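Here the structure comes first, spelled out in structure tokens, and everything after it is commentary.
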Amino acid sequence: MGKTLIIGTRSSKLALWQADYVAGRLREAHPGLVVEEKRMTTKGDRILDAPLAKIGGKGLFTKELEMAMLAGEIDIAVHSLKDMPTEVPEGLVITAITERYDPGDAVVSPRYRTLAALPKGARLGTSSLRRRAQILAARPDLTLLDLRGNVNTRLKKLDAGEYDAIILAVAGLKRLGFGERITEVLPRTLCLPAVGQGALAIEARAEDTETRRLVDFLRDDAMADCGLAERSFLKTVEGGCQVPVGVYAVAEGEDMTVEAVIASLDGRESFRDILRGSRREAENLGKALADRLLDAGGIKILHEIGLLLDRC
């Protein structure tokens, strides 16, 4: 084929797994294609001593990769879809979203099997406002502590006794071979996932039609529609920083169901609803659900959170 394709990736083990997975699929689909990887460090990787909401919510794990792509240093970037801002820089596109692997949130604990089994005051680690708000709604007696670092680092902190339990994405744990560490998968009735959780996003330059053609086989149409609905929801509610919202879309033939929640940081107040409609209206469904929850009282919650976090 004579073409070399360079994948930009973060250096964490999970990011490298994702890049290796895409690289392997590309080599299999296009014999003769030379695929290389370029490792990079993002702001989200460098700043580990502050909550994510305090250091900004947009582009923490993507900006440096996107700048390298625009400069022609890499051809594509592989991201966890949940890490991507809802607005992609001019000149770039999400050219493929892969099949969703597992959208769940997992409890990991060496002593307690479930969230319900944790004793009053137990130390639970999570870096996500979304998880924090929904878990506190069910267990307001727990002590929620910030948890940063890659998956391996977080597990080491748990094993060192810094936490009684931690919450991590099921997909990340399973992809890295830590599936046996999962003691409970939180039901979605308790904790809705993040936008795009479990799916990978492949970003490319908009005008690079050859590269986009090469990766197009990785696109999962159903997940692309679900991602569109979920990202439309988030784009409508977010104010530029992390917000405690969960949203999950499911494609059912030509139809789609979208469920979402907006919750206060302490879990005492939340607004949750479901919309059903055509997959052809995925973007409108996400926006309409967001508008419904904002009108129901979600806008007040987000305003108060913005003030509390000092607008990130």
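Laboratory data are not the source of any read-out in this text; all were calculated from the coordinates shown. Please read all numbers here as calculations on a predicted model, not as lab measurements. As a convention, Cβ positions derive from the backbone with ideal geometry for all residues, glycine included, and neighbour counts pool all protein chains shown.
The local environment of Leu81, defined by Cβ-Cβ distances under 12 Å, has a net charge of -2 under the rule Lys, Arg +1 and Asp, Glu -1. Angle of helix 13-29 to the longest C-alpha principal axis of the chain, folded into 0 to 90 degrees and rounded to 10: 40°. A cut-off under 12 angstrom between Cβ atoms defines the neighbours of Gly297, and their net charge, with Lys, Arg +1 and Asp, Glu -1, is -1. Any idea what angle helix 129-138 forms with the longest principal axis of the chain, computed on alpha-carbon atoms, 0 to 90 degrees, nearest 10? Between the helix axis and the principal axis of the chain, the angle is about 30 degrees.
What value, in deg cm²/dmol to 500, does the helix sum -39500 (n - 2.57) over DSSP H runs of n ≥ 4 give at 222 nm once divided by the residues of the chain? Mind showing how you got there, number by number?
Numbers: 11 runs with 104 residues, N = 312.
Roughly -9500 deg cm²/dmol at 222 nm, from the helical runs in the chain.
Taking only the Cα atoms of segment 93-216, the radius of gyration and Dmax are 16.9, 57 Å. For Asp20, the shell of other residues with beta-carbons less than 11 Å away shows a net charge of +3, using +1 for Lys and Arg and -1 for Asp and Glu.
Mind checking the angle between helix 282-293 and the chain's longest principal axis? C-alpha axes, 0 to 90 degrees, to the nearest 10. Helix 282-293 sits roughly 20 degrees off the main axis of the chain.
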